[in-house]
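Asks: To start, I am sharing the structure in question, which I have written as structure tokens.
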Amino acid sequence: MQHLVTPVGIVRSCFKEKFAIPRQPHLAPAARGVLELLPPFDQGDAVQGLQQVSHVWLLFLFHQTLEDKPRLKVRPPRLGGNQSVGVFSTRATHRPNGIGQSVVRLERVEPDRLYLSGIDLLDGTPVLDIKPYVPYADAVAGARNDMAEAPPPLIAVDWQDDALVQARRHALRLAEPLVELIEQCLAQDPRPAYQQPQPERRYGARFWDLDVHWHYPEPGRIRVLDLQRVEETI
Ligand code: SAM
């Protein structure tokens, strides 16, 4: 059976590239975005009642990693990228039909948009459906997952003085919790597990309209070096 699905909306996110996005929602509560609803869902009727809900499930397309040939085995970054496991035992982005799911905080509802936080979604992500989180059914007491028992361990993040001054200034301009966003995302150490970071190597990722650069002055510690404003391309 084949069935055509059509997005109900598109996410406008703080994350402009995949690198440095947390692996799951809630890991960076300061990660915010807006789900812009598409016609005919943008008139208010479809979101009526959502004001009574603190969190929603988003079903979405991993639109940047869609593939024609389904993979049966994947190598999740969480396992260091060198262990191959069945695709259905993971939340890998490369998966049949390319469908992702995230529970995110619903901050505010407007007729044509939902304001979200704690997201793990790339800018431009097409959303296929929105469902209210139902605590009594969705929070399962005693549930276990031995492959993903706990959130990723956090590492220390500090700032070059100038970078922190810049970040605070941009936070005011954007009216966003930018310092917290950068700290929460980098604390999860976005670097691929197989790379041994050398202090002279600079890493970078884009948050909102800013290219943020950092390095590892020593193993297990990140220092934010600078932020550069860029023209938004998406
Ligand atoms: N919570 C979702 C799930 O379990 O289905 C996503 C988990 S997936 C491991 C999270 C990663 O997906 C993020 O770190 C980011 O790199 C990637 N990602 C987010 N939005 C994407 C998109 N639209 N296309 C491709 N990759 C995306």
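Asks: Given the criterion surrounded by 15 or more Cβ atoms within 10 Å (Cβ to Cβ), assigned to a loop (DSSP other than H, G, I, E, B) and either at pLDDT below 95 or not basic (Lys, Arg) (or both), identify the matching residue among 119, 130.
Replies: Answer to the check: 119.
Asks: May I ask you to list the residues in segment 38-93 that are more than 16 Å from the ligand (Cβ to nearest atom) and on the phi > 0 side of the Ramachandran plot?
Replies: 44, 49
Asks: Being surrounded by fewer than 20 Cβ atoms within 10 Å (Cβ to Cβ) and polar (S, T, N, Q), is that true of even one residue in segment 166-174?
Replies: No, there is no match, as no residue in segment 166-174 is surrounded by fewer than 20 Cβ atoms within 10 Å (Cβ to Cβ) and polar (S, T, N, Q).
Asks: Could you run through segment 1-46 and say how many residues are surrounded by 14 or more Cβ atoms within 10 Å (Cβ to Cβ), farther than 28 Å from residue 76 by Cβ and hydroxyl-bearing (Ser, Thr, Tyr)?
Replies: Number of matching residues: 0.
Asks: Residues of segment 102-113 being in contact (Cβ under 8 Å) with a residue 60 or more places away in the chain and under 11 Å from residue 56 (Cα atoms), which ones?
Replies: Selection gives 102, 103, 104, 105, 107.
Asks: Would you mind stating whether residue 107 is away from the ligand (no atom under 12 Å from the Cβ), part of a strand (DSSP E or B) and surrounded by fewer than 16 Cβ atoms within 10 Å (Cβ to Cβ)?
Replies: Yes: the conditions hold for residue 107.
Asks: Checking residue 101 against (1) under 13 Å from residue 32 (Cα atoms); (2) surrounded by fewer than 16 Cβ atoms within 10 Å (Cβ to Cβ); (3) within 9 Å of the ligand (Cβ to nearest atom), which single condition isn't satisfied?
Replies: Only one criterion is unmet by residue 101, namely (1).
Asks: Residue check: is residue 182 under 15 Å from residue 26 (Cα atoms), in a loop (DSSP other than H, G, I, E, B) and of a type in the set (A, V, I, L, M, F, W, C)?
Replies: no
Asks: Going through segment 79-95 one residue at a time, which ones are part of a helix (DSSP H, G or I) and modelled with pLDDT under 95?
Replies: Scanning segment 79-95 gives a single hit, 79.
Asks: Do any residues in segment 208-221 that are more than 17 Å from residue 14 (Cβ to Cβ) and in contact (Cβ under 8 Å) with a residue 40 or more places away in the chain have Cβ atoms under 6 Å from those of residues that are surrounded by 15 or more Cβ atoms within 10 Å (Cβ to Cβ) and of a type in the set (A, V, I, L, M, F, W, C), where the two are at least six apart or on different chains, and which pairs are they?
Replies: 220/155
Asks: Right, something else. Got at least one residue in segment 155-162 being within 13 Å of the ligand (Cβ to nearest atom), assigned to a strand (DSSP E or B) and not aliphatic (A, V, I, L, M)?
Replies: no
Asks: Out of all the residues in segment 114-134, is one or more free of Cβ contacts under 8 Å to residues at least 60 places away in the same chain, more than 11 Å from the ligand (Cβ to nearest atom) and among the hydroxyl-bearing types (Ser, Thr, Tyr)?
Replies: no
Asks: Mind checking which residues of segment 199-219 are touching a strand residue (DSSP E or B) at 6+ places or on another chain (Cβ under 7 Å) and surrounded by fewer than 20 Cβ atoms within 10 Å (Cβ to Cβ)?
Replies: Selection gives 199, 201, 202, 203, 204, 209, 211, 213, 215, 217.
The values are calculated or read from the model by the stated rules, or taken from the named source; none is laboratory data. Everything quoted here is computed from the prediction, not taken from an experiment. Cβ coordinates were reconstructed from backbone atoms using ideal geometry, including for glycine residues, and neighbour counts include every protein chain displayed.
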